Amino acid sequence: MLAAVILLASVEGLAQEDTVARGKYLLYAGGCISCHTEDIDDAVPLAGGRAMETPFGTFYSPNITPDAATGIGKWSDEQFVDAFWEGVSPDGDHYFPAFPYTSYTGVSRTDLLAIKAYLFSLDPVSKASREHDLAWYMSSRIAAGAWKELNFESARFVPDAAQDEQWNRGAYLVRHLGHCGECHTPRSTLGVLQTDLEMAGSRMGDEKIANITQHRVDGIGRWSVRDIEYFLDIGMLPDGDFAGSSMGAVIEDNTSKLTREDRLAIAVYLKTVPPRANQ
């Protein structure tokens, strides 16, 4: 009996190690490092504080280390999933869509709980999250709730039966876990993603975000699948130049950490995004 208990504990321990390792991979795939790490030289990863400037004011990312007082250390599995699927905090407050739950809502429960397992394996960091600096009309979470009521629908990713497994994996990564459209798709004056202009480029402050549709002049229509995969790996464009600014950080902290198979899946999906002119 003792041997069986020891064996069961060993198997469970190995399974937890696998979940944590998978969660680490998914965390990188989800771009969490870039957003939840302050943009200073000695910043502690995932302890929050990064400023995100928008037309509605400046948002500051929260601490997502497992600190019980200032991070997410007291969050249950359900509270963690609800944050991503429903855009609500453990206290029932509505999140502003600066946290891209509008894309993360499609991520599977299994993947989300693997990410949580990895986050909870880290050392807690005591660092209070900074208050957002927003326009007066955005100062209440009621505004976030009203925005959600009009513009958000909670729904998980459903594979397209007309497409193969590789395309569906790419769609899942681009549309949901990697939330590429949150930057590359233009928004209305109310901050709503214009889905009819998916991936047609946008602006973030003074930075112009690239058009990554199949438009042969404005977008990446002349890039091959291999060109896209190589760019996501090392940041080099087909003309030999390298990505900079925010995309440089995305490659360093996100896409370069993916397997080649996942980068190819992203490329395969992007090759099917309809061509649209620059916005």
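Values in this text are rule-based calculations from the coordinates and carry no lab data. Bear in mind the structure is a predicted one, so any value in this text is a computation, not a measurement. Every residue, glycine as well, gets a Cβ built from its backbone with ideal geometry; the counts of neighbours run over all protein chains shown.
Let me check I have the definition right: for the chain, take the eigenvalues of the Cα gyration tensor, multiply each by 5, take square roots. What are those semi-axes in whole Å, largest first?
Working: eigenvalues 183, 129, 68 Å².
Equivalent ellipsoid of the chain: 30, 25, 18 Å, largest first.
Cross-link partners of Lys116 among lysines, defined as those whose alpha carbon lies under 23 angstrom from its own and excluding same-chain residues fewer than eight positions apart: Lys24, Lys74, Lys127, Lys257. Sorted into 5 angstrom bins from 0, the C-alpha pair distances of region 36-91 split as 5, 18, 20, 24, 19, 10, 4 percent.
Can you tell me the dipole magnitude for the chain around its Cα centre, using point charges on the Cβ only (Lys, Arg +1; Asp, Glu -1), in Debye to the nearest 20? Could the numbers behind the result be given before it?
Details: 24 positive and 39 negative charges, 98 e Å.
I would put it at about 480 debye.
Considering helices alone, the calculated mean residue ellipticity of the chain at 222 nm is -11500 deg cm²/dmol, with DSSP H runs of length four and up weighted by -39500 (n - 2.57) and normalised per residue.
Filter the GluC sites (Glu not before Pro) in region 134-205 to those in DSSP coil with at most 11 other Cβ atoms within 10 Å of their Cβ, and list the result. Sites meeting the loop and neighbour criteria: Glu153. Take the convex hull of the alpha carbons in region 22-151; its mean projected area over all directions comes to 7.8 nm².
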